[in-house]
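The values are calculated or read from the model by the stated rules, or taken from the named source; none is laboratory data. On a predicted model such as this, the values are computed, not experimentally measured, just so you know. Cβ coordinates were reconstructed from backbone atoms using ideal geometry, including for glycine residues, and neighbour counts include every protein chain displayed.
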């Protein structure tokens with residue numbers, strides 16, 4: 001099995017080499033053709049499936065170490081690969097290959113009165129550093145999205161999945177080689193030493209253009225504190241569903257249930273339900289029955305506790321907790337103003353939904369709130385690049401610089417202006 | 001006259017207060033109407049002209065201090081205001097008012113197969129910190145652009161222009177007040193203490209969303225090293241004009257002359273001319289005669305020096321120097337590949353022009369180079385938001401994250417997704 005081969009003292013040298021090779025690969029990729037990138041992704045998808053036994057062996061080794069360390073069952077499940085998961089990973093890479101190619105797209109074009117024709121043309125960002133946690137499939141997903149968008153990538157996964165990621169990475173590189181693209185276009189940091197992350201964040205300004213952290217609150221906080229290059233941050237999702245008094249009861253029930261319980265472990269899962277006091281009598285029991293029947297624990301404020309003895313008492317901490325579990329906090333509010341105020345105070349700017357039939361209230365919710373995704377009469381679990389029609393995604397960005405919401409291939413690009421003249425000089 | 005009123009020990013407290021008030025103003029601005037922002041800008045434009053004597057008095061005070069300190073003539077000229085410059089500043093604010101309002105614009109909209117309608121809607125970034133140098137008019141320009149785009153701004157100008165900027169800032173605030181918008185929407189740091197910049201860069205992550213530095217290499221380098229919030233960087237412009245052997249001689253002469261000499265002090269001025277060896281005999285003398293007649297000093301490589309005894313010898317340093325003066329460096333190259341290689345090595349990613357009649361060469365230049373702006377048969381001095389039809393600009397961004405090229409009101413926005421459903425849940 002592969003293991004952490006880099007000694008601490010050698011990290012600077014190793015990382016500088018990775019950076020230099022990534023920069024050279026980025027220049028080559030920026031000049032590569034759509035067909036070359038398409039072929040490399042197709043080849044990588046095939047290799048991933050062909051070498052599945054090798055990937056599963058590496059994963060078994062990671063799983064043994066993780067079990068020995070006593071990792072939680074949810075962590076073990078994120079780490080685990082089986083044949084169907086490897087197949088899904090291979091198909092995911094194939095799907096990225098089939099996406100529209102963003103590189104070279106003319107996203108805008110206009111004519112100036114002096115005859116200059118100005119085009120805005122999409123170009124890759126350059127070199128992207130991606131720091132993620134235990135899911136080994138991110139190695140394939142993120143590698144594929146960066147390649148599709150013409151970027152070189154430096155991957156740094158969690159230490160638990162090091163062997164799995166190394167095996168997957170090897171398949172991606174084989175795909176690159178088969179298409180004649182530089183193998184350095186997708187590099188993986190060959191050590192689990194945490195100092196390598198520190199150096200990636202703060203020592204490689206000339207070779208890394210942007211860092212994308214994908215993981216829990218501690219990871220993101222460290223990256224935002226230490227990074228000396230731009231960061232496209234993916235914060236946690238403290239997502240809200242607000243049920244207005246005009247809501248249709250069965251829509252409210254179905255959407256709240258889906259937003260909370262379809263999958264509790266994703267960032268688009270609802271964590272807090274806000275409900276108008278005015279409709280507690282008419283709407284609450286239907287919603288609560290559905291949640292409780294599905295196995296959800298409810299933690300409510302005083303009004304909700306008073307209305308329903310199946311509800312636990314919520315404390316202040318609950319309003320800013322991302323449970324990622326079958327638990328929901330519930331607060332009764334006086335109306336949309338109070339709902340907006342609560343979300344502005346406790347939300348993470350990720351995704352919020354309003355259930356209402358009154359259009360003015362919906363428009364106020366959309367206008368006054370500033371989260372990446374706002375939905376009307378739809379589940380927060382639609383917060384997903386695939387559901388948005390963007391294909392695969394790196395994650396949901398919660399910052400406002402560069403990209404916001406689902407980060408797919410298009411969001412991994414910048415642009416340049418191409419101006420065609422006939423001899424114009426500026427007066 | 002106003003002066004630096006904040007004691008060093010109080011900076012943290014003062015800056016935290018500025019940040020809190022900016023955040024509150026940003027929330028109010030995000031919910032303000034287009035008409036309110038339009039009215040505030042119109043009022044500010046009128047106030048700037050009405051209070052011109054006060055601004056000119058403050059500027060006279062700054063000029064006296066600057067002369068006493070022995071500032072260079074070019075610096076003094078940047079600092080100087082007169083009635084016509086104040087009038088131009090007022091008209092500039094009026095022009096920003098008349099721009100299309102970017103806030104709330106639906107930049108994209110699509111329907112998903114499940115019936116969800118997804119809109120991408122422009123929203124302000126939030127709170128912008130702008131750090132600039134001696135030109136006092138930036139106080140009005142940057143304040144106006146941030147207000148137009150619904151952002152609160154914290155301005156920090158150069159110490160030489162402190163009194164001028166304070167007087168201009170006071171007029172902008174009066175405009176806000178007259179339109180009923182929060183006066184804290186445009187704040188100016190009330191001290192020239194450099195520690196305030198340090199705190200703005202690294203201590204205000206919760207109240208500042210992005211920093212835009214506008215100035216010389218040292219300022220930008222400090223900001224990029226110290227900032228703990230995203231930076232939209234404006235590096236120097238080492239702009240190139242490449243004359244291909246297929247170039248029309250008179251176009252080459254006119255464009256090189258304009259790119260270098262129209263105004264030598266702006267970032268879009270050409271600093272280096274690359275010319276095909278193959279057309280030295282046919283093109284050089286025409287171009288060189290025009291430059292020399294206009295008073296330009298020429299520093300050339302060996303080939304150019306050998307061809308023309310009016311040329312000084314360039315050294316290695318010349319290729320990476322932004323002269324901002326009537327000096328141009330010239331290198332003879334073997335063809336477009338060598339031109340691209342030279343620009344990739346020495347350029348700053350700002351603006352490059354190719355003069356050529358051969359279309360394939362032009363397309364290679366456009367494809368292989370990755371600068372913010374690439375032009376064919378047109379002057380590099382078109383690198384300007386106004387010339388692009390974007391109205392006023394903060395500057396030309398040379399990074400690739402968020403905004404690239406001219407940064408106008410639209411580039412000072414982010415977006416949110418607004419999703420309209422009819423009860424959809426995710427399968």
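So, of the residues in the stretch A:305-343 that are within 14 Å of chain B (Cβ to nearest Cβ) and more than 22 Å from the chain's Cα centre (by Cα), which turns out to be nearest to residue A:268 (Cα to Cα)?
Pass one, the stretch A:305-343, residues within 14 Å of chain B (Cβ to nearest Cβ): A:336-337, A:340-341, A:343.
Narrowing further to those that are more than 22 Å from the chain's Cα centre (by Cα): A:336-337, A:340-341.
Details: A:336: 21, A:337: 23, A:340: 18, A:341: 20 Å.
Here the answer is A:340.
Scanning the stretch B:36-79 for residues that are in contact with a helix residue (DSSP H, G or I) (Cβ under 9 Å, 6 or more places away or on another chain) and outside any helix (DSSP H, G or I) returns B:51, B:71.
Can you confirm whether residue A:149 is surrounded by 22 or more Cβ atoms within 10 Å (Cβ to Cβ) and either in contact (Cβ under 8 Å) with a residue 24 or more places away in the chain or within 19 Å of residue A:187 (Cβ to Cβ) (or both)? Yes, satisfied.
Entry remark, the stretch A:348-359: residues being in a loop (DSSP other than H, G, I, E, B), under 22 Å from the mean Cα position of the chain (by Cα) and modelled with pLDDT of 95 or more number 1 in total. Of all residues in the stretch B:374-386, those being buried (at least 22 other Cβ atoms within 10 Å of the Cβ) and out of contact with any helix residue (DSSP H, G or I) (no Cβ under 8 Å at 6 or more places or on another chain) number 2. Listed conditions (1) assigned by TED's automatic domain parsing to the domain that holds residue B:356; (2) in contact (Cβ under 8 Å) with a residue 60 or more places away in the chain; (3) crowded, with 22+ Cβ neighbours inside 10 Å are all met by residue B:284, apart from (2).
Look through the stretch A:224-239, keep the residues that are touching a strand residue (DSSP E or B) at 6+ places or on another chain (Cβ under 7 Å) and under 17 Å from residue A:324 (Cβ atoms), and return whichever of them is surrounded by the most Cβ atoms within 10 Å (Cβ to Cβ). Walk me through how you get there before you give the answer.
Restricting attention to the stretch A:224-239, the residues satisfying the condition of being touching a strand residue (DSSP E or B) at 6+ places or on another chain (Cβ under 7 Å) are A:224, A:227, A:229-234, A:237-239.
Filter once more, keeping what is under 17 Å from residue A:324 (Cβ atoms): A:234, A:237-239.
Details: A:234: 24, A:237: 26, A:238: 25, A:239: 29.
Filtering the stretch A:224-239 for residues that are touching a strand residue (DSSP E or B) at 6+ places or on another chain (Cβ under 7 Å) and under 17 Å from residue A:324 (Cβ atoms), the one surrounded by the most Cβ atoms within 10 Å (Cβ to Cβ) comes out as A:239.
Say whether the condition of being over 25 Å from residue B:420 (Cα atoms) and touching a helix residue (DSSP H, G or I) at 6+ places or on another chain (Cβ under 7 Å) is met by at least one residue in the stretch A:275-296. There is at least one residue in the stretch A:275-296 that is over 25 Å from residue B:420 (Cα atoms) and touching a helix residue (DSSP H, G or I) at 6+ places or on another chain (Cβ under 7 Å). Applying the set (1) under 19 Å from the mean Cα position of the chain (by Cα); (2) over 20 Å from residue B:393 (Cβ atoms); (3) at pLDDT 95 or above to residue B:74 leaves exactly one unmet item: (3). Taken over the stretch B:324-343, the criterion of being within 18 Å of residue B:236 (Cβ to Cβ) and modelled with pLDDT of 95 or more is satisfied by B:326, B:327, B:328, B:329, B:342, B:343. Just to be sure before I move on: is residue B:141 more than 17 Å from residue B:170 (Cα to Cα), at pLDDT below 95 and surrounded by 17 or more Cβ atoms within 10 Å (Cβ to Cβ) in the structure I sent? The answer is no for residue B:141. For residue A:426, the criteria (1) modelled with pLDDT of 95 or more; (2) touching a strand residue (DSSP E or B) at 6+ places or on another chain (Cβ under 8 Å) hold in every case but one, which is (2). Looking across the stretch A:240-273 at every residue that is farther than 16 Å from residue B:427 by Cα, surrounded by fewer than 24 Cβ atoms within 10 Å (Cβ to Cβ) and in contact with a helix residue (DSSP H, G or I) (Cβ under 7 Å, 6 or more places away or on another chain), the one that is nearest to the other protein chains (Cβ to nearest Cβ) is identified as A:249. When the stretch A:7-35 is limited to residues that are surrounded by fewer than 16 Cβ atoms within 10 Å (Cβ to Cβ) and outside any helix (DSSP H, G or I), the one that is farthest from the other protein chains (Cβ to nearest Cβ) turns out to be A:7. Answer yes or no: is there a residue in the stretch B:418-427 that is more than 10 Å from chain A (Cβ to nearest Cβ), at positive phi and surrounded by fewer than 22 Cβ atoms within 10 Å (Cβ to Cβ). No, every residue in the stretch B:418-427 fails to be more than 10 Å from chain A (Cβ to nearest Cβ), at positive phi and surrounded by fewer than 22 Cβ atoms within 10 Å (Cβ to Cβ).
For the stretch A:397-417, which positions are at the interface with chain B (Cβ under 7 Å from one of its Cβ atoms), outside any strand (DSSP E or B) and in contact (Cβ under 8 Å) with a residue 60 or more places away in the chain? Walk me through how you get there before you give the answer.
Applying the first criterion (at the interface with chain B (Cβ under 7 Å from one of its Cβ atoms)) to the stretch A:397-417 yields A:400-402, A:404-405, A:414-417.
With the extra rule that they be outside any strand (DSSP E or B), the set shrinks to A:400-402, A:404.
Across the stretch A:397-417, the qualifying residues are A:401, A:402.
Only residues that are at the interface with chain B (Cβ under 7 Å from one of its Cβ atoms), within 11 Å of residue A:352 (Cα to Cα) and under 15 Å from the mean Cα position of the chain (by Cα) were counted across the stretch A:372-396, and they come to 4.
Could you check how many residues of the stretch A:87-108 are more than 12 Å from chain B (Cβ to nearest Cβ) and part of a strand (DSSP E or B)?
Filtering the stretch A:87-108 down to residues more than 12 Å from chain B (Cβ to nearest Cβ) leaves A:87-102, A:105.
Next, from what is left, pick out any that are part of a strand (DSSP E or B): none.
Here the count works out to 0.
Tell me, yes or no, whether the stretch B:114-131 has at least one residue that is under 29 Å from residue B:219 (Cα atoms), in contact (Cβ under 8 Å) with a residue 40 or more places away in the chain and away from every other protein chain (no Cβ under 14 Å). The answer is yes; a qualifying residue exists. Between B:93, B:106, B:86, B:127, the distinction of being touching a strand residue (DSSP E or B) at 6+ places or on another chain (Cβ under 6 Å), surrounded by 15 or more Cβ atoms within 10 Å (Cβ to Cβ) and modelled with pLDDT of 95 or more belongs to B:127 only.
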